[in-house]
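Below is one structure; the comments refer to it alone.
The values are calculated or read from the model by the stated rules, or taken from the named source; none is laboratory data. Predicted, not measured: the structure shown is a model, and the values here were computed from it. Counting neighbours? That spans all protein chains shown, and the Cβs are built from the backbone with ideal geometry, glycine included. Ligands, DNA and RNA are excluded from the accessible area calculation, which covers all protein heavy atoms including side chains. Shrake-Rupley method; radii C 1.70, N 1.55, O 1.52, S 1.80 Å.
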Amino acid sequence: MELLKTINGIFWGWLVAGLLLGTGIFFAFRLSFPQIRYFPKLFGALMHNRKADDGKGVSGFGALCAALSSQLGTGSLVGVATALASGGPGAIFWMWVTALLGMGISFSEAILAILFRESNGDGTYRGGPAYYMSRGLHCRPLAIAFSLSMIIGMGFFYTMVQGNSVILATKTVINVHPVLIGLVLVSLVAIIVFGGVKRISEFASLFVPFLAVTYLLLSLFIILGNLEKIPEVLALIVKSAFSFDSAAGGVAGYTIFTAFRYGVARGLFSNDAGNGTAPSMHATANVEHPVLQGFSAMFGTFFTTVIICSCTAFTILLTGALDSGETGIELTQRAFNLGIGDWGKYVVFVAMLMFGFKSVIADMYYGEVNLRWINNNPHIVLAYRLFCCALVTICGLIPVTTLWELIDFASALLIIFNVPALLLLSKYVLFTLRDFAAQKKKGIENPHWDYQSDIVSRYAGETK
């Protein structure tokens, strides 16, 4: 474990975090700041994408909700608490920066996922980085490296940390053995996972909006009750984000380095921008134009980190829970206890149970879609699903600190493999965005994309 900590220290000691933020800056200028230019259109795209373009497959809204199933997971409750406990209040500032720059990355990932996806033959699609690496870059070794990292990182590590958080939250209110909780969780997950991607998206479309709004309202109740403290907390976040003096960081000795390291790492965990996970869900969307799903992807990144994660962070900071010395889900529960009374831990328990439940479903699917790219044998896929279920059953027995080290390692590998592909394929993203803008300029209210044409040959033909 010490070796893993050392490797993560190298990866996240500016290397991966800097690569991620640098890529965000690249796309911001390359695409002329789509997160600013098209921000008002993000909400309209959600309404426009409520139904699948062909009326049968997965809608753009359903694909977004399925992606949010992972994004609105433990990162929104546990990841924020971990970032605050390890990096101090300044980590929240770097989470915001990661989200704003990550919006352009998420936009590009979603478009590329749709451009280079494959049909499942039943009206649904599958895609993601492995598909645009192999079909766009024609670099199978890179695609294999990414897929293996996704299968192990998302299918195994991420699934375990989501399940672990659910089990820890449950044990605070019900004193039962972790394996028993894992068995109950797995039983519920299997019902959805074994139903395929369409069932996942349908479940997420109904479940995610309700859960997100409920958690948002409960957090706002605490925040509005402490309005007079908000200017002080905002000043603390900004000041701590640029503190070079460990003595100024309080007892824990927070500095700009720790704030940056944990803010970017946990910001990524909350919104998945750049690590190539969400594109697997966005690839399933049947939308009129790829850019529309790009808008949905940007909204997902903004909503999860700037809205939901901020609510968790302000709840912790406004109630003074950070001084308790706790971390993870226990810190979030302490904040709600202080904010709304003893029943606050039950609120977090229910939220964590629901967030974690749907996140396990999404993370297992991410691993599966990459496994299918390598080998689509149904027996191998079944064995993968059963193995993931077994991991969820026992994940409550593994120390949470160990799981977070594994998560950081897996996230770093995913970014290192995915970012070069994004940069090299950025010309297709720009081409697709210009196609959308050109149709809009001609007065076409709902631009369409010809999905029968090959993007590579079309790009070559129209850019000569």
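Key figures for this structure:
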quantity	calculated
Only Lys, Arg (+1) and Asp, Glu (-1) charged, at Cβ; the chain dipole about Cα centre in debye	840
Bins of 5 Å from zero: percent of alpha-carbon pairs in segment 367-464	2, 9, 11, 12, 14, 12, 11, 10, 9, 7, 3, 1
Euclidean distance of C-alpha centroids, segment 365-384 and segment 268-336, integer Å	27
Exposure rank, largest accessible area first [TYR459, TYR346; 1.4 Å]	TYR346, TYR459
Residues of segment 410-449 with amide N under 11 Å of the 7 Å Cα→Cβ point at ILE7	410-413
Extreme residue, positive dipole direction of segment 1-444, given options LEU397, LEU322, LEU224 (C-beta unit charges)	LEU224
Pairs of Lys in segment 1-444 closer than 27 Å at Cα, counting only those 8 or more apart or on different chains	24
Size descriptor, Kirkwood hydrodynamic radius, that averages inverse alpha-carbon separations across the chain, Å	22.0
Leading residue at positive end of dipole, the chain (Cβ point charges), from TYR365, ALA190, VAL173	TYR365
Kirkwood estimate for segment 422-464, i.e. one over the average of 1/r between Cα atoms, Å	11.2
Unit charges on C-beta of K, R, D, E only; dipole of segment 324-464, Debye	560
Within-12-Å neighbourhood charge of MET352 [Cβ basis; K, R +1; D, E -1]	+2
Förster radius 30 Å - calculated FRET efficiency between LEU137 and HIS448 (Cβ-Cβ, nearest 0.05)	0.65
Given charges at Cβ of Lys, Arg, Asp, Glu: segment 1-444 dipole, positive-most of GLY344, ILE308, LEU148	LEU148
Accessible surface of segment 1-444 [probe 1.4 Å, protein heavy atoms]: carbon and sulfur percent	68
